[in-house]
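The values are calculated or read from the model by the stated rules, or taken from the named source; none is laboratory data. Keep in mind that what you see is a predicted model, and the values were worked out from it rather than measured. Glycine also receives a Cβ, built like all others from the backbone with ideal geometry; neighbour counts cover every protein chain displayed. What goes into the accessible areas is simple: the full protein's heavy atoms, side chains included, and nothing from ligands, DNA or RNA. Shrake-Rupley method; radii C 1.70, N 1.55, O 1.52, S 1.80 Å.
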Amino acid sequence: MVLRVLLILSCLLLASCSQRPKGVDLIFINGDEPQSLDPGIITGQIEMRLCNALFEGLTARDAHGVSRPACAESWDISPDRKVYTFHLRSHLKWSDGIPLTAKDFEESWRRVLEPATGSKYSEILFFVKNAENYRTGKIKDFSQVGVKALDERTLRVELENPTPFFNDLVAFTTYSPVPMHVIQKYGESWIKPGKMVSNGAYQLKAWRMSDRVELEKNPYYWRKDTVHLNRIDALAVSKGTTAFNLFATGQADLMLDKGLIPPMLVGELSKRADFHSNPFLATYFYRFNVTRPPFHDPRVRKAFAMSIQKQTIINKITRGGEQYANSITPPGIEGYQPPQGVEYDPGQARKLLSEAGYPDGKGFPRVTILYNKSDLNEPIATEIQAMWKKELNVEVGLRLQEWGIYLQSLDDLDFDIARSSWVGDYNDPNTFLDCFIADRGNNRTGWKNATYDQLMFTANTQSDPAKRFTMMQEAERILVEKEVPIVPLYFYVGIVMYDDKKFGGIYPNVVDEHPLREIYKKETSKP
Amino acid sequence: MMRYILRRLLVSIPVIFIVISLAFLLIRLAPGSPFTAERKLDPIAQAELEKKYHLNDSLLKQYAHYWGDLLQGNLGESLKYTNRTVKEIIGQTLPVSLSLGSIALILAMSLGTLIGSYAAVHQNHREDRLAMMIALVGICLPSFVIAPLTVMVFAIWLHLLPVAGWGTLAHYVLPSICLAIPYAAYCARLMRSSMLDVLHQDFIRTARAKGLSEQIVVLLHALKVAVLPLVSYAGPLAANILTGSLVVEQIFKVPGLGPFFVNSVFNKDVFLAAGTVIVYSVLLIAFNLIADILYCLLDRRIKLR
């Protein structure tokens, strides 16, 4: 009797466990619970993945990471490269059927720049003339800001400087249009299902906290016929093992968040057929606090940089096939050649340290490496600690802090050496090099160099792209060869897991973006 | 009895007041700002956000403001999950934790009572030792060990249950078992010692002398008294188990309150942290009161005044 009951029960369970929600074409693992779905406010990759499916800007990146015309079908660039005139497609509509016009773009960009919106990414709009002044309150009149809807289908954008990558920049989520008619009606709660109206390939069907965001094909999307999947679920998963279990048992088809793949498994997983990796625009590096000894001396910084064997870290710890980094700008930006940087040279390192007054590490004060808790940071710090002990004979301590406190320590320059990383926002060296201009919020080293700042400033006012890159390369040389306030360690790889016999439309690309609208099921539809 | 309940409720008001005040103060004293991020927020945006949530006011003013909102039933907004109110987050996630927790609670209490009584009746025999060994293992093994083990066996090897997720009946099984095991083990040990005490008391001897069968003695006479320590433990246990568990909810991807409870503190999400503390403390007080009332109903010797 008991056995029979158990048998029936287990059959029932068995039946229910293989169940996937009905009618869902793709279930993907997106990482943590999204903080918001307001494209003007969000900052993280998790949120951007969803917002890029829901909203679409003047241009949009395709599955190869290249910006292509989207809401704008074409644009004209003035001879001085400072004025872009975008021509919108005809019959663009929001998902509620209301026409989308150039005015929507103007109003949406204005919203990002209004201080009251609390956008955390408004600085990405500062390429637009007077945008920064409007944001900081120096001008109150928005008509002075360089964005203007000339008519329903023409948007004129005047820039501060010639910005050759502006057509790529407008693909960035913060530049997306938002439905002002809905925001005016619902206020801050407009992002909720049932209220949200969007203009991208998908619309928001449901959003259950800590569980999933459900996306449904937008019937008013201008190229809806090219969108292959009707229903997509994005799962919120915060544990790597859980994510992997869901993927391995077929309850999820695609894993997009590389942060969820446990580093100790990467070596093993990389042998599988469903493991796909690609280099992308992101760098793992160490910062020195140059405002206090001993790292106020460039010779000491250089000595430390030269005694790290970066390839060892990749072979032993990260193991995802990363490339070691001698520059902050990763390779892969078309037309830009990052400088050589400093190579591993322990002999020279010892010499430099001795010149700085610490022969064989004698008298060197005890310094610490600050890092936040993650699977990788600690083993990397331990490895580097051992390398510095071996090559330079200096004692380096380790200091672990909780994420929020760690960031505060960075801001307060309360560290000697700190672990950091930077992900490029757009396909241009400026996204990396701008951080290290004096007094920039993301500088976080205390490092100031007038030549560097000047080079960056002149480069950005250059209208000749080749000259611009030469100047930026010169600036980067100061950063990673001469002054060394940072030590680049390796360039990240993006990791995507999916069965390429079942799904297509996902390609390796340097921006590590995989637009959902291009993904297709192999047995049903082919592009 | 009504007077007792009323008095307990009145006493709980200052308790909740102190808890809320402490939660409010401690999280603001912790280092870091809720708006720090790897990509540094520009000072204007930061100032604007602080103004929006009244975080730039003096501590006293913030405190007064918070109480003003609270008394109107407003728990504030989450600072991390923009555009979402604390009420909404708790409203969506607490029911999930409650439903999972109540199953785990029933499981823990009944398993604990069963194993504990069984061990006590067979005191110092093989059965007793085996039961207590199982209980000890249950206490010693943390949920982050049990959970992956059960997933491996029941979900990955046997394909009986889903590895994680929420929505169907099958999704309840593994998380509620993993949530219940450590508490069940503790209940079993508690039950055993209490049952042993009771079995040696005079009224049990009388019952046996009257010629009642051992089953009736244990089930009808002893159990009722022996279960009392378990009832008083049930109060805090219920509050603990019902507010959700960080580990179990994360491993099984259960959309409950647990992870929000813990992470809000790390994120310095001040209103969310305070809101979850309020929920937890109200539940704790409520369940302690219920436990006391049950205690009185079960044991006629106790009078609630």
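Surface composition of the protein assembly as shown: carbon and sulfur atoms hold 59% of the protein heavy-atom accessible area at a 1.4 Å probe.
Tell me the mean residue ellipticity at 222 nm calculated for the protein assembly as shown from its helices only (DSSP H runs of n ≥ 4, each -39500 (n - 2.57), averaged over every residue, nearest 500).
The per-residue figure over the protein assembly as shown is -13500 deg cm²/dmol.
Treating each Cα of region B:168-235 as one equal point scatterer and applying the Debye formula with no solvent, the log10 of I(q)/I(0) at q = 0.14 Å⁻¹ comes out as -0.55. Projecting the Cα atoms of A:Val145, A:Ile124, A:Leu215 onto the charge dipole of region A:113-223, computed from C-beta unit charges around the Cα centre, puts A:Leu215 farthest toward the positive end. The listed residues B:Cys140, B:Cys187 rank as B:Cys140, B:Cys187 when sorted by accessible area, largest first, using a 1.4 Å probe. Ordering B:Gly235, B:Ser194, B:Leu160 by Cα displacement along the dipole of region B:151-245 toward the positive end leaves B:Ser194 in first place; charges were set at the Cβ atoms of Lys, Arg (+1) and Asp, Glu (-1). Per residue, the accessible area of the protein assembly as shown comes to 43 Å² when a 1.4 Å probe rolls over the protein heavy atoms. The modelled label-to-label distance between A:Thr312 and A:Ser374, using points 7 Å beyond Cα along the C-beta direction, is 2.2 nm. Once the Cα-Cα distance is subtracted from the 0.36 nm per residue extended length, the A:Leu150 to A:Glu73 segment shows a gain of 26.1 nm. Between A:Lys448 and B:Arg8, the simple spin-label model (points 7 angstrom out along Cα→Cβ) gives 6.5 nm.
Simple spin-label estimate for B:His159 and A:Gln340 gives 5.9 nm between the two label positions (7 Å along the Cα-to-Cβ direction from each Cα).
In terms of Cα atoms, the Rg and Dmax of region A:77-164 work out to 13.6, 39 Å. Entry note, chain A: relative contact order of 19 percent, from Cα contacts under 8 Å with a spacing of 6+ residues.
Please compute, for peptide A:26-39, the average count of beta-carbon atoms on other protein chains lying within 10 Å of each residue's beta-carbon. Mean partner-chain Cβ count within 10 Å for A:26-39: 2. The order of the peptides B:263-273, A:437-447 by mean Cβ neighbours within 10 Å, most packed first, is B:263-273, A:437-447. Beta bridges from DSSP with both residues in the protein assembly as shown: antiparallel share about 80 percent, rounded to the nearest 5.
For the interface of A with B, what's the total buried accessible surface in square angstrom, probe 1.4 angstrom, rounded to the nearest hundred?
Answer for the A-B pair: about 4500 Å² buried.
Taking Cα centre as origin and charging only the Cβ of basic (Lys, Arg, +1) and acidic (Asp, Glu, -1) residues, the dipole magnitude of region B:45-184 rounds to 100 debye.
Would you mind estimating how fast region A:38-119 diffuses translationally, via Stokes-Einstein at 37 °C and 0.692 mPa s with the Kirkwood radius over Cα pairs, in µm²/s? Translational D for this selection: 228 µm²/s.
Per residue of B:253-259, count partner chain C-beta atoms within 10 Å of its C-beta, then hand back the mean as an integer. Provide the component values of the computation, followed by the final result.
Details: counts 14, 2, 7, 3, 2, 1, 5.
Average neighbour count from other chains, rounded to a whole number: 5.
For a quick check: with amide H placed at 1.01 Å from N, whose amide H comes under 5 Å from A:Ile27's, ignoring anything fewer than 5 positions away on the same chain? When sequence neighbours closer than 5 places are left aside, the close amide H contacts are A:Asp233, A:Asp253, A:Leu254. Positive end of the dipole of region A:298-385 (Cβ unit charges, origin at the Cα centre): among A:Gly321, A:Ala305, A:Gly363, the Cα lying farthest that way belongs to A:Gly363.
Residues of region A:241-272 whose accessible area (probe 1.4 Å, heavy atoms of protein chains only) drops by at least 30 Å² once all protein chains are present, relative to their chain alone: A:Thr242, A:Asn245, A:Leu246, A:Thr249, A:Gln251. When you count the other C-beta atoms within 10 angstrom of each residue and take the mean per peptide, B:16-29, A:22-35, A:232-245 line up highest first as A:232-245, A:22-35, B:16-29. The eigenvalues of the Cα gyration tensor, multiplied by 5 and square-rooted, give chain A an equivalent ellipsoid with semi-axes of 40, 33, 19 Å from largest to smallest. Under the convention that each Lys and Arg Cβ holds +1 and each Asp and Glu Cβ holds -1, the size of the dipole of chain A around its Cα centre is about 820 debye. Ranking A:Arg61, A:Arg292 from most to least accessible surface, computed with a 1.4 Å probe over the protein chains only, gives A:Arg292, A:Arg61.
Given a Förster distance of 30 angstrom, what is the FRET efficiency for A:Thr458 paired with A:Tyr186, based on the Cβ-Cβ distance and rounded to 0.05? Plugging the Cβ-Cβ distance into 1/(1 + (r/R0)^6) gives 0.05.
Which residues, if any, in region B:79-93 have at least 20 Å² less accessible area in the whole protein complex than in the isolated chain, probe 1.4 Å? Residues shielded by partner chains are B:Lys80, B:Tyr81, B:Thr82, B:Asn83, B:Arg84, B:Glu88, B:Gln92.
Taking each residue in B:156-166, count the Cβ atoms of any other chain within 10 Å of its Cβ, then average. What number comes out?
Whole-number average of other-chain Cβ neighbours for B:156-166 is 6.
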